[in-house]
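The structure appears right after this line, and notes come after that.
The values are calculated or read from the model by the stated rules, or taken from the named source; none is laboratory data. If you're wondering where the values come from, they're calculated on a predicted model, not measured in any experiment. FYI the Cβ positions are ideal-geometry reconstructions off the backbone, even for glycines, and counts take in every protein chain you see. With ligands, DNA and RNA removed, areas are computed over all heavy atoms of the protein, side chains included. Shrake-Rupley method; radii C 1.70, N 1.55, O 1.52, S 1.80 Å.
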Amino acid sequence: MAGNIITIIGGKGGVGKSQIAANMAFAYAAETRSKIMLMDFDQKASGDQNFITGIKSKKSVRELSEFSGSIDPRSIMPFLTAHPSGVQYIGMPDDPTASAAINSEGLGAFLKAAPNLYPLTIIDGGSELTPLTLKALEYSTAIFLVVTPDILALNQTKRLYSELVTMLFPKDMILVIGNQVQKGHPVTPEVMGKTIGKPVFSTVPKDDQTCVSALNQKKPIMVLNKNSAFAKGVTETVRKLIQKNVLKTLARLNKPTDVQKKSTGAAGSAGGEEKGDAWGALKSRIHRRLYDEMDLKKTDKDDPKAQVILKEQTKKVVVDILNKEDTKGVLNSREDMNQIVKEILDEALGLGPLEDLLADKECSEIMVIGPDKIYYEHGGKIKKSNITFTNDRQVLNVIERIVAPIGRRIDEKTPYVDARLKDGSRVHAIIPPCALDGCTITIRKFPENRLTYKDLVKFDSMTQNMADFLRIAVEAHKNIIVSGGTGSGKTTLINVLGSFIPANERVITCEDSAELDLPQDHVVRLETRPPSLEGDGEIDIRCLVKQTLRMRPDRIVVGECRGGETLDMLQAMGTGHEGSMTTVHSNNPRECIGRIETLVQYAGAGLEPKAIREMISNAVHLIIQQSRLDDGSRRVTYVTELGGMQGDVVILQDIFIYNQRGFDKNGKIEGEYQATGFIPKFIEILEKKGYNVPRGLFNNAQGAPPPKKEAAPPEGQQKKPGQRPGQRPGQRPQRPNGAPPKKKKA
């Protein structure tokens, strides 16, 4: 079985991380009775581990980094110094100059092979994220942060923890050890965890006398006095790791690679050049100093006045920090200064580079693929933006900033989420390990002002006659399904249809992520809930639909049917909740029937297909097909009535259709809306009740003759023999379109 690597680091010198690392290796060897590897990667404190362990290393880490042979138990023997307790040790050179010259890349082969050689390798990583330490972290199963209960250590550990998270190390992988903990001290482990932002995993009591005695005698505390308070604390930490299978669990986490390239400058050499330019390096430094000086999380995000005040305060701090920085060659004009201040404020308080796209009213969709690729939809066409994120962590920060206010979560265990922005715009995000190219965000923007049917007529998405007919259908409590593909405008259309509902009716909406924005006052909005961390507490659409039936609804509007809730929706439509609406993904009205039939079967009721189709034909009155055409325009291409069953087939009658003729010279689709001449059955019923419905609605506004064929002919038998499109049941049968004339008898 493959072993694990633990790297132990500290936020600052003097927190005792080297002593923790050495004694943990000896404690682990004693508990498991196996050989444990201990390595010293602390370049700043060269040779300290030699004194702590009392072992004089035969060869150093530098010589191991220069070794070019194959890594196996025999080849690494010359580099090891063994202790009788079972710990094998490779130390750092005594000369600081030699330590600084170690090639971190040369140790990659050994770190990769170490889990196959030892059940556990413990590395003393020092208190700085040098290239050598970063190389160790890249191969580590767990990272231990050692902190003492004092303000400086807490502040530096908080900074170090933030940098590790910025490099996309999973939070679960980082464990905090409280060292020198005392009873009665005001800085308790709870305070330490709250300050750092990560609960303390274990604590080691303060035991200065034993620690000093062990250093003077050059012996590990676990060897000198295993019954001391310090030794017991380290032993308890090791037992907790073993008994709870912590390393086995952490080994499954997705860890970053090439972290030296993604480093935010903690190594001290590149100055944070995540994108390889001085602009990005300057922004990174400002962000870190801003994070140290201000707590941007303790603000009321729902109070606009508080947000304005915070923005002004943050802007002042950013400008002050910039004035203290050496910006020569980076900020060459006032425009550069204003731009970098804006970018820093957007990243610190908003959604970073996405703020400009969100403010653009012509931009309807934003698609992010990792930090370097941002696409957006403008005028129905997808374009690539020239703006980018700084790194993967910044994209993840944006996702967390979106999902936190609505109580959603995203992490390695649940790497995807549906959410919404304050303006109602829909957001979907998915992160590694599911997203291979980095964090992915898709934002479907909602218009600033609610669209009305007049806007759709203006955009040529429908005609005035179609809008008037749909208003009549909604007011007449007809059950409507809006069918269409992804991004075709289904939600926009169902919002418009919802605006036709009389204001004195009670409307209840059910959605995965709240998008519907109905103008009525008496609207109850329900939203699903994902499962908790324990995997329970999930509330799905089907559960919400069932709850609506107990809430005295006049209308039920389901954002989208995609599973077993379709059966409950059909039953509600057919049992006293007429006038309900929902959306379904399909390409035309005929496919919509088949799609609904499939979704009903997800409920597991075991209904026969014919029984399901009968339920559909009785419950649904109209199907409105919304389509996104090749030029990016969105149009209502079919308005179709369901006319009952004939045999095993649901009868569909098109009322309005859109006929496409071709493209103009600008690549825009040319076509016209046409009425088929068919008068829906419910119109006659309304007229008998005294309603005056203008028959002119069903005439062609363009004066073109009605089409003679169904726009979407069914597979199999859809209409009665001799019945033409537009012919109402009960009329005299006529010869089917396209059939040859009957021959006269000779």
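Descriptive notes on the structure:
- Burial order of peptide ranges 353-359, 476-482 (average beta-carbon count within 10 Å, highest first): 476-482, 353-359
- The range 14-165 - accessible surface per residue (Å², probe 1.4 Å): 37
- Among Gly604, Leu549, Cys592 - extreme Cα towards positive end, dipole of the range 539-667, charges at beta-carbon: Leu549
- For the pair the range 107-141 and the range 508-564, the centres of their Cα atoms are 50 angstrom apart.
- Cα shape, the range 37-94, gyration tensor, a/c 1.5 rule: oblate
- Protection-proxy order for peptides 512-521, 683-692, each taking the mean of Cβ atoms within 10 Å per residue, highest first: 512-521, 683-692
- Using a Förster distance of 41 Å, the FRET efficiency for Arg74-Lys373 (Cβ separation, nearest 0.05): 0.30
- Sites listed here are trypsin sites (Lys or Arg not before Pro) in the range 59-155 whose DSSP assignment is loop and whose Cβ has at most 15 other Cβ atoms within 10 Å: Arg74.
- 0 to 90° range, to nearest 10: angle between helix 208-217 axis and the chain longest Cα axis: 60
- Cα-based helix-to-principal-axis angle, 609-619 vs the chain, degrees rounded to 10: 70
- Mean separation of Cα pairs under 8 Å and 6 or more residues apart, divided by the residue count, gives the chain a relative contact order of 7 percent.
- Relative to one another, the C-alpha centroids of the range 621-698 and the range 37-78 are positioned 79 Å apart.
- The GluC sites (Glu not before Pro) of the range 103-208 include none that meets both criteria, a DSSP state outside H, G, I, E and B (loop) and at most 12 other C-beta atoms within 10 angstrom of the site's C-beta.
- For the chain, the 222 nm mean residue ellipticity estimated from helices alone, with every DSSP H stretch of n ≥ 4 adding -39500 (n - 2.57) and the total spread over all residues, rounds to -10500 deg cm²/dmol.
- Rounded to the nearest 10 degrees, the inclination of helix 490-499 to the longest alpha-carbon principal axis of the chain is 60 degrees.
- Principal axis dimensions, the range 585-666 - Cα atoms, whole angstrom, descending: 53, 24, 16
- Overall Cα dimensions of the chain - principal axes, largest extent first, Å: 121, 63, 56
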